[in-house]
Amino acid sequence: MFEPGEDDEIMPHFDRHSVLSMTIFAEIFVLVLATGWIFLAKLDLKPLLHCNTRAVIAGIGAALLVTLLNLAILRLANKYAARFYLLKSMKDLIYKQMLPLMGHLTFADSIFIAIISGFCEEVFFRGVLQSQCGLVPAACAFGLAHLPRIYYFPYALWATYVGLLMGFLLIATDSLYSPIIAHALINFASINVLRRMHSTNS
């Protein structure tokens, strides 16, 4: 089940419009789910919807940290994938799943996807789920939401760590804008790294 190569087929090609459509559908679904939960549980997220300098700085700092770690993982995966399952899995995810999906997007697309994913996912996972279930369950759910198939479980673990970081940002700043900013910037940077890789490979 966890052996490298067993479940790492290349992602089918989707054109730019299909990727954008799938993204919009998925993020709207997450936002509708969050809205329904807020209504049924009578949650009030207004105290978390304030932006201040500390929230912005913390969000940018967290995004920079995660982006640097993402680049380090990419470098290690390229160098040592043959030796370690964890890195083999991460390399396959990048080259066989993410690159075919995101590599051909435009710069404007990267901005749009970063904003919509950062906002919708953080409202649900941090604004709703963390407030109802706690930091760790929300982070674990975030990790599982980033598990395309069992072979890529290392990526789900990494996403869980990032979810914990986003949760700590919310706790530290008492503002949902901090994880939203961090999430959006991380996704923006990641997509543009993939775009550059796609351009280089082409």
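Where a number appears in this text, it was derived from the coordinates with a stated rule and is not lab data. Everything numeric in this text was worked out from a predicted model, so none of it was measured. Using ideal geometry, Cβ is built from the backbone for each residue, glycine included, and neighbour counts are taken over all protein chains shown.
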Legend entry - Estimated distance in nm for a label pair at Leu43 and Ile57, the labels positioned 7 Å out from Cα along Cα-to-Cβ: 2.9 nm
Legend entry - Estimated FRET transfer efficiency (Asp174, Leu76; beta-carbon r; R0 30 Å; 0.05): 0.25
Inset, instruction - Using just the alpha carbons, could you tell me how many Å³ per residue the convex hull of the chain encloses? - result: 119 Å³
Legend entry - Inter-site label distance for Thr106 and Arg83 at 7 Å from Cα along Cβ, in nm: 4.3 nm
Inset, instruction - Note the full-extension length gain between Ser21 and Val136 as 0.36 nm times their separation in residues minus their Cα-Cα distance, in nm to one decimal. - result: 38.3 nm
Legend entry - Cβ-based exposure ranking for Thr160, Thr35, Thr200, in which fewest neighbours within 10 Å come first: Thr200, Thr35, Thr160
